[in-house]
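Q: First the structure, then my questions, so here it is.
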């Protein structure tokens, strides 16, 4: 498999190309700049923090979480490396759902302790699509790079 450094280099090259495409599309009026920004921000966050290698305690993505990496220990125990965590569709979904669950529990706890009343609304579908695409794409690139690397090694 490519090293974590190689994965990040590939994802960074793709990010640069995506920035250029996003700028063009926003300039041409084909995409709202806010949606492009959400997509690019989610892509960058996912590249750095939601890698399929989060199930490896020694991986850079795991280490990037700093003290919060302790939150990913149960995930690493639950998902063995290159199993579901590397599934092209379900892998990112497991990490998004896991992180979403942690954030939701933390928010519920904070609201309960403080007594604050917060009204939540569902964002526009375009925001959800931009966010999910940005979170998913680096994971797809990672999984495809692993598959291509494996195929080349077999030859």
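Every number here is computed from the coordinates shown, using simple stated rules; none is lab data. Since we're looking at a predicted model, the values are computed, not measured. Every residue, glycine among them, receives a Cβ derived from its backbone with ideal geometry; neighbour counts consider all protein chains shown.
Q: By how many nm would the segment from residue 19 to residue 152 lengthen if fully extended, with 0.36 nm per residue of separation less the alpha-carbon distance?
A: 44.9 nm
Q: Then there is this: Relative contact order (percent) for region 16-68, with alpha-carbon contacts under 8 angstrom and 6 or more residues of separation? Walk me through the intermediate numbers first.
A: Values: 26 pairs, mean separation 10.7, N = 53.
Once normalised by length, the contact order is 20 percent.
Q: Then there is this: Express in nm, to one decimal, how much length is gained between residue 82 and residue 48 on full extension, taking 0.36 nm for each residue of separation and deducting their alpha carbon distance.
A: Stretched fully, the residue 82-residue 48 segment lengthens by 10.4 nm.
Q: To the nearest 500 deg cm²/dmol, what mean residue ellipticity at 222 nm is calculated for the chain from DSSP H runs of n ≥ 4 alone, each contributing -39,500 (n - 2.57), summed and divided by the residues?
A: One gets -23500 deg cm²/dmol as the mean residue ellipticity at 222 nm.
Q: Please work out whether region 90-155 counts as rounded, prolate or oblate from its C-alpha gyration tensor, where a ≥ b ≥ c are the square roots of the eigenvalues and a/c under 1.5 means rounded, while otherwise a/b larger than b/c means prolate and anything else oblate?
A: Oblate, since a/c reaches 1.5 and b/c is not below a/b.
Q: Taking only Cα atoms and a 10 Å spring cutoff, compute GNM fluctuations for the chain and point out the largest among 61, 52, 74.
A: It is 74.
Q: State the label only: which of [x] 0.94; [y] 1.16; [z] 1.03 corresponds to Cα Rg over 2.2 N^0.38 Å computed from the shown model?
A: Given [x] 0.94; [y] 1.16; [z] 1.03, the structure-derived one carries the label [y].
Q: Taking a ≥ b ≥ c as the square roots of the Cα gyration tensor eigenvalues, with a/c under 1.5 meaning rounded and otherwise prolate when a/b beats b/c, else oblate, which class fits region 72-125?
A: oblate
Q: Of 112, 87, 142, which is the most mobile in a GNM of the chain whose springs link Cα atoms less than 10 angstrom apart?
A: Taking springs between Cα atoms under 10 Å, the residue moving most is 112.
Q: Counting only C-alpha contacts under 8 Å and six or more residues apart, can you give the relative contact order of the chain as a whole percent?
A: Value for the chain: 36 percent.
Q: Something else: Given labels modelled 7 Å from the Cα in the Cβ direction, how far is it in nm from residue 71 to residue 119?
A: According to this spin-label approximation, the distance is 2.8 nm.
Q: Using a Gaussian network model of the chain whose springs link C-alpha atoms within less than 10 Å, name the residue from 49, 79, 120 with the highest mean-square fluctuation.
A: 120
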